[in-house]
Amino acid sequence: MEEGWLQRFGSWVRLALRLEPPAAPRVELRRLDEIPPGSRIVLRALQGDAEMNGRFMQLGLVVGSAAEVLLCHADGPLLIRSRGGLVAIGRLEARNILVEMSS
Amino acid sequence: MSANNSGVVTIALAGQPNVGKSTIFNLMTGLKQHVGNWPGKTVERKEGVFRKSGREIRLVDLPGTYGLTARSEEERIARDFIVNDQPDVVIMVANAAALDRNLYLLAELLALPTPIVLALNMMDVAAAEGIEVRPEALANALGLPATPISAIRSEGVDDLIDAALSQASRPGLFRPVRPEIAEQRQALDAISKIAEKWTPRPFQPQWVASKLLESDQELLARARSWANEQDWGKIEKILAQHADANLEIVGGRYAWVDRMVKTAVRRIAPDKITLTERIDRVVLHPLVGLVVLFCVLGLTFALTFAIAWPLQRALEFGVLTPARSWASDVLGSAPPWLSHFVSDGLLGGVGLVMTFVPLLLVFYAIFGFLEDTGYLARVAYLTDRFMQRIGLHGKSFLPFCLGFGCNVPAIIGARVIESPKGRLLTILVAPLIPCSARFAVLAFLAPIFFGPYALWASWGLVTVNLIVLALVGMLLNRTIFKGERVAFIMELPLYHAPNIRSIGLFMWSHTWSFLRRASTMILAVATSVWALGYFPNGAVEGSYLAQLGRLLEPVGHLMGFDWRLTVALLTSFVAKENAIATLGVLYQANGLSLGEALSQTVSVASGLSFLLVTMLFIPCAATVSAIRHETQSWAWTLLSVSLLLVIAMTAGAVSYRLASWVAG
């Protein structure tokens, strides 16, 4: 249900009086296979099954870690640099990693 | 501990893949190493004994693993060895250029009570990558010895062993800074409190609790068998409430790793474009990379055949042939079957297979070189997009490459694939890679059957093999292995200078394993086929094998074979080249050479069908034995053999009908 003007006003007052913290800015999460080469990213979520997530994590791909997409050609696997190492990830597997672009 | 019991100090060498662990193992043990398999497993076990400072040291090279959660056979073996065999000390080898990832294994190892010494290998690579590592600072932060070494230059290894011996002699003083994982602390404590009651020694309840929260399937099964129903019910409840504990526990270990690295590692040039990146921009390019790959493979085959082929011929004609006639002479007064057995069965069967050793040596030397530099891993990356279409991924291409030399190492090489499905599928289709022995038969018979068109026919036959391989892969992937996808996630090592010693040992250990197989399985099959081809009357024409050939003649007819071609195909089961030897015995008459006799008696259609069947048929006894060994299953072995049999016979029958129809 859409918020009425009264509720919106109430939220604004609570925010202005610092009765509740401001909502965190929305960050756009993208799938790793959509990221162009040369981009720096931060891993935000692993959505594979337990086995796949386990393999990602073993190679240092844990939530919160920074990485750089080095290669991403057509339908081939991706090459990323993370934690000082190079990791090749199949395109379909890369769809299970949600990332945030970092500056 | 074993040091106290027998005086021998047991050191386990642990580390993630590609950290130079094997180089260190080879440096310490030289040729005094025993290579086998872990009991009941198809993972290589390397062990060696050497002396240092008056102490006898048993060094066990554990499989390369990223962690100690039982996600793969290798990880299960590594941790079972540390937990059950309790080595006196573990040397953990880390790549100094990638400590932020390598120390993760250390975080896992530190959860176990065994003393640890850290070996910081590849310090030079780290320096070249703009990474400064301070070993003392790291040792202080970790509370354990951290020794810088360069395995490739044999530097620092003595200090490393001294540090390990010192740790082994006073295990009570081992007090490292263990990772404290704050996340999931309550759940960890609750489970370990329950597990305390029934966790058997040498397992530790805290460690068991952590592995249960990490969804370690093996530990889950074990704990279920240890716990009573009530306790297990409680644990299941906790696990259900903490389904995502795995992510937090692993994240917690990495946070600890980051803290440790921060104290001892400084990146001098964080944005430096490294040599590895420069090379990868070229060799991993989808088009340029493929051109490079074709050149590398072409060069590999050209070098192998240029160097090894003359050696094979020299061994066959310079050593084997004289040895066979010498054996016949020496055993002249012995019973005829004995002289025949030594000359034809032993030397003609096993001996002929042995002449292919130079081919394997050269092939392994080149592959050892490519692997040691880091290029071979790139091949998996490059070929992944094509391999995915047949239900495999890039890693399967590596054993396929080995298959062009000999199918046996290709089957064994499938061990690089972690998923059981991917490994099995690779093993099932690998025998369709034309091996050097099949190339030899092709090179010998194609000119006889096809005259000036021999080269084109040979190319066509090799292409058919590869197309059939792709089709069979696709078929199996859509039927038996339907719905199971092989995930492609792999580390690409940094490029580095190859180590001659490592390449030499790689070459030697693989060839030795082939020779051992030759002395057992191939010998047994060669003897059986020889006996079938000799008895009851001492000549192949009237032997049981010939009788079998005649019995199978109606089947042979479907493919355009007479009984002799059928028998030649049967004997090729020992080794492919036997087909030529058998044809020589069966067709040579009236002073005609084998070539003349064959071109007069065998039609082009039959010749084409024979070569096609030879190329697609079960490669040889050694390959079948390797399939049985690697799959640990007679059912899969039988499936593989039947599959190849059906494919080869169907292709033979179709090609024979088509060629006969075209020839009018």
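With a 1.4 Å probe, how much accessible area is buried between chains B and A, both sides summed, in Å² to the nearest hundred? Answer for the B-A pair: about 3200 Å² buried. 3J(HN,Hα) along the stretch B:128-144: 5, 8, x, 10, 9, 10, 10, x, 5, 4, 5, 4, 5, 5, 8, x, 8 Hz, from the Karplus curve 6.51 cos²θ - 1.76 cosθ + 1.60 with θ = phi - 60°, whole Hz, x for Gly and Pro.
Placing unit charges on the Cβ atoms only, positive for Lys and Arg and negative for Asp and Glu, gives the protein assembly as shown a dipole magnitude near 420 debye about its Cα centre.
Look at the stretch B:250-256: the mean tally of other chain Cβ atoms within 10 Å of its residues' Cβ atoms is 4.
When nucleic acids and ligands are ignored and a 1.4 Å probe is applied, B:Lys237 ends up with an accessible area of around 130 Å². Amide H contacts under 5 Å for B:Cys406: B:Ser436, restricted to partners 5 or more places along the chain or on a different chain, H placed in the peptide plane at 1.01 Å from N.
Averaged over its residues, the stretch B:363-468 has an accessible area of 29 Å² per residue, based on protein heavy atoms and a 1.4 Å probe. Within the protein assembly as shown, antiparallel bridges make up roughly 65 percent of the DSSP beta bridges whose residues both belong there. Packing, as the average of other Cβ atoms within 10 Å across residues, places the peptides B:444-450, B:554-560 in the order B:444-450, B:554-560, highest first. The smallest convex shape that holds all Cα atoms of the stretch B:102-233, its convex hull, gives 143 Å³ per residue. From largest to smallest, the equivalent ellipsoid semi-axes obtained for the stretch B:183-270 from the alpha-carbon gyration tensor read 32, 13, 10 Å. For peptide A:72-85, the mean count of partner chain Cβ atoms within 10 Å of a residue's Cβ comes to 6. The phi torsions of the stretch B:211-223, fed into the Karplus equation with coefficients 6.51, -1.76 and 1.60 and a -60° offset, translate into couplings of 5, 5, 5, 8, 6, 6, 4, 5, 5, 4, 5, 5, 4 Hz, rounded to whole numbers, with Gly and Pro shown as x. Adding -39500 (n - 2.57) for every DSSP H run of four residues or longer, then dividing by how many residues chain B holds, sets the calculated 222 nm ellipticity at -18500 deg cm²/dmol.
Residues whose amide H lies under 5 Å from that of A:Ala45, counting only those 5 or more places away or on a different chain, are A:Leu98; hydrogens are built 1.01 Å from N in the peptide plane. Compactness check for chain A: Cα Rg over 2.2 N^0.38 Å is 1.45. Shown here is the pair-distance distribution of the protein assembly as shown: with all Cα-Cα distances grouped in 10 Å bins from zero up to the longest one, the shares run 2, 12, 20, 22, 17, 12, 8, 4, 1, 1, 0, 0 percent. Of all the stretches in chain B, which is the longest one without any exposed loop site, taking GluC sites (Glu not before Pro) in a DSSP loop (any state but H, G, I, E, B) with at most 14 other Cβ atoms within 10 Å? Of all site-free stretches, the longest is B:197-483.
Label the stretch B:211-331 by shape, choosing from rounded, prolate and oblate, from the square roots a ≥ b ≥ c of the eigenvalues of the Cα gyration tensor; if a/c is under 1.5 it is rounded, and otherwise prolate applies when a/b is larger than b/c, oblate when it is not. It is oblate, given that a/c is not under 1.5 and a/b is not larger than b/c. Think of the stretch B:429-568 as a dipole: +1 on every Lys or Arg Cβ, -1 on every Asp or Glu Cβ, centred on the Cα centre; then among B:Ser519, B:Thr566, B:Gly542, B:Ser519 lies furthest on the positive end.
I'd like the mean, over residues of B:205-215, of how many other protein chain beta carbons sit within 10 Å of each residue's own Cβ.
1
Counting protein heavy atoms only, the protein assembly as shown has 62 percent of its accessible area on carbon and sulfur, 1.4 angstrom probe.
In terms of overall dimensions, the C-alpha atoms belonging to chain B reach 86, 54, 54 Å along their principal axes, ordered largest to smallest.
The values are calculated or read from the model by the stated rules, or taken from the named source; none is laboratory data. The structure displayed is predicted, hence computed values, not measured ones. Positions of Cβ are backbone-derived with ideal geometry, glycine not excepted, and every protein chain shown enters the neighbour counts. The protein model used for the area step is the full one, side chains on, heavy atoms only, and it has no ligands, DNA or RNA in it. Shrake-Rupley method; radii C 1.70, N 1.55, O 1.52, S 1.80 Å.
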